[in-house]
Every structure is written in C-alpha cells, then in structure tokens.
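Shown next, in structure tokens, is the structure this report addresses.
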Amino acid sequence: MRKLNVLVAQYPNQEAIFRIVPTPVEAAIARAPKSLPPLEFSYCSTDDPAFGERAAAADAMIGFRFPTEQIKWSGSALQLIQVAAAGIEHLLPLDWLPRSVALATASGVHAPKVREWAVMVLLMLHSRMPHFVTAQRAHEWSKAYSSNIAGRSALIVGTGGIGGAVAAAARSLGVRTIGVRRNVRPTRNFDAVIGLEDIQNAVAAADFVVLAMPLTPATRHLMNADLFRRMKPHAGFANFGRGGLVDHDALRAALVAGTLGGAVIDVTDPEPLPSDSPLWDAPRLIITPHLSCDDPESYVPRTLDLFLDNIRRRVQGRPIRNRVIRGRAY
C-alpha cells in the first residue's frame, strides 16, 4: 500500500500546548495499531502561499484554523480533515467543504481534564466561592453558608464529550444530572435526558445550569434574559462551551440583580475579553481564560490518537469518529 500524505496545518498564532510537531506525531504512530497504513507527515504554515496546494495534495490534514478558500479542490486528494478542537464555529458555514471530504472534531479528548475542572466548579458554586471572591475585592467580611452538595441537581445543556464529563463529575458528587440534547435518548452519566424545547421549565428546577454544547447559528445566545429569569433563586451557572452561547448582558444583569447565586465561565465572546468589558466587574462572577479543557501534557497526544484512528477508519471504509454533520453544523 502506498504511503498516505498527511499534512499538519500549523496556525502561526497557535498556543504552544496545541502545536503539533514531529515528536508527538512519531510517538502517536509508534503506539498506533499495526493496521494503521503507512503515513508520510509534512508540515505547512497556514500563511504559507503554497498552503492551498499542499492541502489539496494531502490525503488527510489536521489543524485548527486554516484558510479554506485557498484549498484547490479541483483534482484534490484530500479525504479527511481533523480539527484539533471540539468546536468548528470558526469554520462555519461549511459551504467550502466538498461532500466527499469528511470533517471531524476532537470532541472527547478533553474529557479527563473537564471532569476534574467540573468537580472544582460545581463545588465552588455550591460553596458560594463567587460570593467570597466578590466580598474580598470589596474588603468585606461576608459570610454565606452552604450544606452538602449531594442531592442537588445539575441541568447540563449538551451531552457530548464535554457535557458527559461534566455529568460524570456531578454524579461523583452525588448530584442528579439532567441532560439537554437535540435527540432525546438515554445517555451515559445522565439520570434523565430532555429535549431543547423543554429547557425553560428545566432551568427553573435546577440548582446548577451548565452549558457544554457547540456554538452554531441556532444556539447563539441560547442562554438569554428569559432563561436567567427562570432559574431557581441563587442557583449557580457555568459555561464550558463557547462564549457566544450566552447573552452576557443578561448574565451580568442577573448577577447585579442578585437573582443568580454565582457564575463561573471559562469562555467569553469575544476572546480575549476586552479590558473595558463590564463583565470583569460583575458581582459573584469568576472568569477563566478558556483553558478548563486543556491539558498541556495530553491534549496533543490524545488528539493525534483520534486522528490516526480516523485515518485507519477512513481507509477501511468504516465510519469515522466525531464526523461533523452539515445540517447540525457540529
């Protein structure tokens, strides 16, 4: 069998922990099953004038952000594009993608890190840590008591790799988990699953509301003023998904009004959050800079393992993992 040409699309501004270089690639190939076809890896910056031609000549490509308009599709050999991230909102709409080319996300590679982070966030919200952070900034000795977290409930919007890890974390704390997904069916780590059309009633009963779904045109500002108003008084809110899922003016208003107990968000819109954003000074809000899912030791190796498995599946004619469905945009 001929060697398959594999291109690593190197985005110049990529953070170091996400950068794919030869050493982890060689390690991933070494631990891959023997059924993996022979591969020839090459590397190209996405701002290289030859990038479009290099991408078209490859059988498979992995990267995060790349100029789709430069790929020369006529006569292209490209069959698989692996996005080294869970979200693809930066590549939408998908009108640039031929139907013969499979596009896959890295959903699931974050799970171990997300589970740990989710335990921390749920305990912080339940223990009123956002209240104490705000009180400390104001130099106030302000007590806020909490009981045991077991027996509380978490509404987790999104039941994929990240949402499933959040649910596992919640259940390990004795928290009941209710998942929200497009197609209702029993899902691992969730005690119950409902459809998106039932979210208005569900948020009113939850002690925690956690977002862990993709950002698409249909989900932008899903968490709006109406849903914040419906939440249980002093409930906790967290966002593990994308900043665009939330109307941040509505989030701030709920915090200022005191109806929302506290919030922890790892994503904002835009990113980085501008220094003059009023969110910085919102009470009982903790902001982290989009890193809850990212393990500097395992992110790239786990992503490469997924990519190599998808190459093997594509060659064998089997369904690839995490293939993006055009109609859903994730």
### Summary
Heavy-atom accessible area per residue of the chain, all protein chains kept, 1.4 Å probe, expressed in Å², is 47
### Task
Could you pull out every one of the lysines with an alpha carbon less than 17 Å from that of residue 34, ignoring same-chain neighbours closer than 8 positions?
3
#### Entry: Alpha carbon Rg of region 107-261, scaled by the compact-globule rule 2.2 N^0.38 Å
1.00
## Note on the structure
Per the 1/(1 + (r/R0)^6) rule, R0 = 25 Å and r from the Cβ atoms of residue 257 and residue 221, FRET efficiency to 0.05 is 0.85
### Message
Between helix 248-257 and the chain, what is the angle of the helix's C-alpha long axis to the longest principal axis, kept within 0 to 90° and rounded to the nearest 10?
### Response
20
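Pulled fully out, how much extra length does the chain show between residue 171 and residue 39, if you take 0.36 nm times their separation in residues and subtract their Cα-Cα distance?
43.4 nm
Looking at the square roots a ≥ b ≥ c of the eigenvalues of the Cα gyration tensor of region 5-89, which shape do they give, rounded for a/c under 1.5, prolate if a/b is larger than b/c, or oblate? Mind dumping the intermediate values first?
Working: a/c = 1.76, a/b = 1.20, b/c = 1.46.
Because a/c hits 1.5 or more and a/b fails to exceed b/c, region 5-89 counts as oblate.
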### Query
residue 103's amide H: which non-local residues (gap 5+, or another chain) put their own amide H closer than 5 Å, with H modeled 1.01 Å from N in plane and none for Pro or chain starts?
81, 324
### Summary
Listed by chain and number, the residues whose amide H is under 5 Å from that of residue 10, excluding neighbours fewer than 5 places away on the same chain and using placed H, are 44, 45, 46
### Message
Per DSSP helix of 4 or more residues, -39500 (n - 2.57); summed, then divided by the residues of the chain. What does that give at 222 nm, rounded to the nearest 500?
### Response
-8500 deg cm²/dmol
### Contact order normalised by residue count of the chain, Cα under 8 Å, 6+ apart, percent
18
### Query
Which whole-Hz ³J(HN,Hα) couplings does region 302-311 yield from phi under the Karplus relation 6.51 cos²θ - 1.76 cosθ + 1.60, θ = phi - 60°, glycine and proline marked x?
5, 5, 5, 4, 5, 4, 5, 5, 5, 4
## Note on the structure
Taking a crude spin-label model, label points 7 Å out from Cα along the C-beta direction, the residue 14 to residue 192 distance in nm is 4.4
### Summary
The ³J(HN,Hα) series, computed from each phi in region 16-26 with the Karplus coefficients 6.51, -1.76 and 1.60 at θ = phi - 60°, rounded to the nearest Hz and given as x for glycine or proline, is 4, 6, 9, 6, 9, 10, x, 4, x, 5, 4
### Cα shape, region 1-151, gyration tensor, a/c 1.5 rule
prolate
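Kindly give the semi-axes, whole Å and largest first, of the ellipsoid equivalent to region 183-318, taking each as the square root of 5 times a Cα gyration tensor eigenvalue.
31, 21, 13
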### Summary
Here the tail fraction of P(r) beyond 32 Å, over all Cα-Cα pairs of the chain, rounds in percent to 34
### Query
Long-range amide H contacts for residue 4: which residues qualify at under 5 Å (H placed 1.01 Å from N, peptide plane, sequence gap of 5 or more or a different chain)?
39, 40
### Task
Starting from the Cα of residue 74, step 7 Å along the direction of its Cβ; do the same at residue 148; then give the gap between the two resulting points in nm.
7.0
### Message
Residue by residue through region 88-102, what is 3J(HN,Hα) from phi via Karplus (6.51 cos²θ - 1.76 cosθ + 1.60, θ = phi - 60°)? Round to whole Hz and write x for glycine and proline.
### Response
10, 4, 6, 9, 7, x, 8, 5, 7, 9, x, 5, 7, 9, 8
#### Entry: FRET E, pair residue 57, residue 291, Förster distance 30 Å, beta-carbon r, rounded to 0.05
0.30
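The values are calculated or read from the model by the stated rules, or taken from the named source; none is laboratory data. What you see is a predicted model; the values in this text were computed from it and never measured. Reconstructed Cβ throughout: ideal geometry from the backbone, glycine too, with neighbour counts over all protein chains shown. Please note that ligands, DNA and RNA were not included when accessible areas were found on the heavy atoms of the full protein model with its side chains. Shrake-Rupley method; radii C 1.70, N 1.55, O 1.52, S 1.80 Å.
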